[in-house]
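A short write-up of the structure that comes next.
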Amino acid sequence: MKADILWVIKLDELRDQIHHQLRFLRTRRGRTLVIIVILLTLLWSFVATRASAFNHSIAAKSMNEVIEAADRSLSAPLSLAHADRENLFSAVVPNESPTAPQNPKQPSSSQIHFLTRANTTNWEKQKTFTKATKSQLLELQEPHPSYLPQNSIYSSRFLSYDTGNLLTIPLSHFSLSQPPPAIYKFNEQNALTIAKRDRKYFYECGPDAKQDYRFISRESCAIDNFATKPADYKPPKVDHDMTNLRETLLATLQAWSHFAHTHAITWWISHGELLGWYWNGKLIPWDPDLDIQMSTYELVKLVRFNQTVLEGRFLVDVNPGLFVRSPQERNTIDARVVDMRTGFMMDITGLSLLNKEKEKEDGGGVRKKESKTVYCKSPHEYEYDELMPLHETVLDGITVWRPRAVINVLKSEFSEDTLRVTKYWVAARKDTFVFEGGEWILASNQGEHDDQ
């Protein structure tokens, strides 16, 4: 009974408070306060929306100028010149068919390898994670090449970098049949129409073409990479601030490593980064960009994150040309992570199983067909068994993944000398670097070629 009386008293007090507030709101001061609150709420909503729109479409607006400039330099008009860059994977292509004008050097449609839709069931579960001991890691290493010194300590050095975590992804992740990207609207036919054109998507700036055109001032971009150069053209010396460049590249790689781990994106270092890891587990000081690779499956998965800005600074930009997997002259790079402060970038290339049959003669003279070679669009080619299993390792203090057979991959891409010669002439910088005490050191600035 007492509890019921207390509840009645509390309800009466609450009713009196509500009536008091309502009486206040009927006054001039009350109405003014309500209007101010509403206006502040609308202002906050507007600011938040604009900030979000900037983060997710910063490239869309700034790219219109670039696409229009490219449009003027190419013969066929680009109907998507004003399309929202964020929606290129689902944009409507007006009055055009899959036989729309494309790069005249592009193969015919019948020769183009392009992606087709596959079943989306359990693709992530096809990855295999294992933890290896040091002895198991040693068993996975390549035999000691005859062209490297016998006292080379690369085996123990590799072990000191690696964490022991291994990841194997199946060959099907490199195939041309892949799940469609997980975006709200995806028009397969239009995506292929755009990709087949082979109209250049990324534009680079500077004498070495290593900065994104959108994020560097015109004064700093004195070299016009759109214009045709004369036959005797010689680019000026590349003179990036090596300290700032290194800081930028490390920040880019760190942001990407964290992002990829968070979203279970499988990738591995390649090209210059793999070479730097081989020598001393660090970035090569004269290399002005980053290069990583991933399977076709991971590349398509990355479409979901197109135009994402990492840490308010690094733009994930995916090339809609990725749906064509044949070599392309103008779109060899499938995606990029661009530092919007400096324009420096990390190139992302996907590897695909194009089912190119190779014939190989064994000891008995019987020719066998191989189909485990994967290709990027440059095209470089890699053997699947040389890539897998991927090894988790450390590059300049950042957790990354690397292919299994590092030495063979680097030898195939570069040369034997690249793995043993400790003096390197960088033509773009007109500098010589030497490897001493476990570090690459700038040795000269003479402007002339030093033989390796």
Failed condition for Leu138, given (1) loosely packed, with under 15 Cβ neighbours inside 10 Å; (2) in contact (Cβ under 8 Å) with a residue 12 or more places away in the chain; (3) outside any helix (DSSP H, G or I), with all others met? (3)
How about the range 252-264: which of its residues are open to solvent by less than 30 Å² (accessible area, probe 1.4 Å), hydrophobic (A, V, I, L, M, F, W, C) and in contact (Cβ under 8 Å) with a residue 24 or more places away in the chain? Leu253, Ala255, Trp256, Phe259
Restricting to the range 126-156, what's the tally of residues that are of a type in the set (Lys, Arg) and at pLDDT below 90? 1
Residue that is surrounded by the most Cβ atoms within 10 Å (Cβ to Cβ) [pool: residues in the range 438-452 that are part of a strand (DSSP E or B) and at pLDDT below 90]: Ala443
From the residues in the range 149-171 that are polar (S, T, N, Q) and in contact with a Ser or Thr (Cβ under 9 Å, 6 or more places away or on another chain), which one is surrounded by the fewest Cβ atoms within 10 Å (Cβ to Cβ)? Thr163
Under 17 Å from His258 (Cα atoms), among the aliphatic types (A, V, I, L, M) and buried (at least 22 other Cβ atoms within 10 Å of the Cβ): is that true of Val400 in this structure? yes
By residue number, the members of the range 175-188 that are outside any loop (DSSP other than H, G, I, E, B) and either among the small types (Gly, Ala, Ser) or modelled with pLDDT of 80 or more (or both) are Ser177, Gln178
So, in the range 271-327, how many residues would count as being part of a loop (DSSP other than H, G, I, E, B) and either touching a residue at least 40 places away in the same chain (Cβ under 8 Å) or touching a strand residue (DSSP E or B) at 6+ places or on another chain (Cβ under 8 Å) (or both)? 18
Which condition number does Tyr384 fail, the rest of (1) buried (at least 22 other Cβ atoms within 10 Å of the Cβ); (2) modelled with pLDDT of 95 or more being met? (1)
Out of the residues in the range 422-437 that are surrounded by 13 or more Cβ atoms within 10 Å (Cβ to Cβ) and either among the aromatic types (Phe, Trp, Tyr) or under 28 Å from the mean Cα position of the chain (by Cα) (or both), state the one that is nearest to Met242 (Cα to Cα). Arg429
On the given criteria, is Lys234 in contact with an Asp or Glu (Cβ under 7 Å, 6 or more places away or on another chain), among the charged types (D, E, K, R) and outside any helix (DSSP H, G or I)? no
Candidate set from the range 189-220 (those that are over 22 Å from the mean Cα position of the chain (by Cα) and in a helix (DSSP H, G or I)); member that is farthest from Leu245 (Cα to Cα): Gln189
Tell me whether the range 240-249 contains one or more residues that are in contact (Cβ under 8 Å) with a residue 24 or more places away in the chain and outside any helix (DSSP H, G or I). yes
Candidate set: the range 319-351, residues that are over 14 Å from the mean Cα position of the chain (by Cα) and hydroxyl-bearing (Ser, Thr, Tyr); chosen: the one least open to solvent (accessible area, probe 1.4 Å): Ser326
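The values are calculated or read from the model by the stated rules, or taken from the named source; none is laboratory data. Keep in mind the model is a prediction, meaning the values are calculated, not measured. Here Cβ is always computed from backbone atoms with ideal geometry, including for glycine, and neighbour counts include all displayed protein chains. Ligands, DNA and RNA are stripped out before the accessible areas are found, and what is left, the full protein with its side chains, is counted by its heavy atoms. Shrake-Rupley method; radii C 1.70, N 1.55, O 1.52, S 1.80 Å.
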